[in-house]
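In what follows, a structure is listed as structure tokens, so that the remarks can point back to it.
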Amino acid sequence: MPEIHTRTARPVTPTTILAAELTGLADMLDSIDASAEFSARLRRARDLAVGLDPYLDTCTTAESSALAELSRRTREMEWTSRSIVSGSGPLEQEMLSGHVEGRLLQFLVHLTGANRVLEIGMFTGYSALAMAEALEPGGEIVACEVDEFVADFARSCFSESAVGDRITIEVGPASDTLTRLNGSSAPFDLVFIDADKTGYLHYYRSLMDSDLLSPNAVIAVDNTLLQGTPYAGPDDRTANGDAVHEFNMFVAQDSRVEQVLLPIRDGVTLIRRVRN
């Protein structure tokens, strides 16, 4: 078993990256000749950025003990070990959806009345378990995960939850699973996409051009702000950021749907079909 440890999560969302940048600038104030007004305004900007996420966390209904335990186990895993990196690429604790986003997903389950949920990209299962807790008895989640190690990790966490049996894990490339499910599965009321960013547009097109969505289905897509890289300047461009920007622009111009991009954590876009 890989070594267990605890590491502070690095800033991976626009707000936490901004908070870290402003903290670094504020720490430089003593070494530069800055006016009192400039120093006060910079420190105020820092405090606004640093305090936002903790305040959101405090004002959001607490997570269940099962989710808290799953989160703890994910944080304490040594993800940098090469022995637990496979087809999905490097794994890291920051891939966990987390408390506030988990509650948002639970609200979506309640608001949509979803009975069947599809998740594309599961990691250790926080979002899947959060949504399972919001389902009515008889509801089901189908979670696609390419990495066998994290699928087994999630199964061990699900087995300790009273609602873990509501989750079915499909191990393998999500595109293959979508092809197999199309025409052989009941439609899904809610879809959560949180997988490889370069595959987002393919997954979206596959869903929209299939029979996998119920008439009032909602698609939620994670990381649509991706550390600010989709709208960053040329010096901060990345392949994943470009892929997410292409996805965002495609959806924004798709006349079949309406959407809203929420600045929660690393960005969550909600999409629904427009009725003709």
Practice task
Please state which one of G199, G183, G233 is modelled with pLDDT under 95 and either at negative phi or surrounded by 18 or more Cβ atoms within 10 Å (Cβ to Cβ) (or both).
Solution key: G233
Exercise for the section: Restrict the check to segment 85-98 and report whether at least one residue is closer than 25 Å to T224 by Cβ and either at pLDDT 95 or above or aromatic (F, W, Y) (or both). Expected result: no
Handout entry: Pairs, first part of a loop (DSSP other than H, G, I, E, B) in segment 250-266, second exposed (fewer than 13 other Cβ atoms within 10 Å of the Cβ), C-beta under 7 Å, six or more apart
Key = R256/V274
Practice task
For segment 215-226, indicate whether the set of residues that are at pLDDT 95 or above, over 27 Å from V12 (Cα atoms), surrounded by 15 or more Cβ atoms within 10 Å (Cβ to Cβ) and in contact with a strand residue (DSSP E or B) (Cβ under 8 Å, 6 or more places away or on another chain) is non-empty.
Solution key: yes
Fill in the blank from the handout: Counting only residues that are surrounded by 14 or more Cβ atoms within 10 Å (Cβ to Cβ), closer than 30 Å to S161 by Cβ and not hydrophobic (A, V, I, L, M, F, W, C), segment 32-56 contains a total of 1
Problem - segment 141-180, residues that are open to solvent by less than 20 Å² (accessible area, probe 1.4 Å) and in a helix (DSSP H, G or I) - result: V150, A151, F153, A154, C157, F158, G164, A174, T177, L178
Exercise for the section: Could you list, in sequence order, all residues of segment 122-133 that are open to solvent by less than 10 Å² (accessible area, probe 1.4 Å) and farther than 11 Å from I169 by Cβ? Expected result: T124, Y126, S127, L129, A130, M131, A132
Fill in the blank from the handout: Across (1) assigned to a helix (DSSP H, G or I); (2) surrounded by fewer than 21 Cβ atoms within 10 Å (Cβ to Cβ); (3) not charged (D, E, K, R), G138 clears everything bar (1)
Practice task
Find the residue count for segment 215-248, including only residues that are in a helix (DSSP H, G or I) and more than 19 Å from the chain's Cα centre (by Cα).
Solution key: 3
Problem - Failed criterion for G267 (all others in (1) closer than 25 Å to Q106 by Cβ; (2) open to solvent by 40 Å² or more (accessible area, probe 1.4 Å) hold) - result: (2)
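The values are calculated or read from the model by the stated rules, or taken from the named source; none is laboratory data. Fair warning: this is a prediction, and the values are worked out from it, not measured in the lab. A quick note on method: Cβ atoms are made from the backbone with ideal geometry, for glycine too, and the neighbour counts reach across all protein chains shown. Surface accessibility is based on the protein's heavy atoms, side chains included, excluding ligands, DNA and RNA. Shrake-Rupley method; radii C 1.70, N 1.55, O 1.52, S 1.80 Å.
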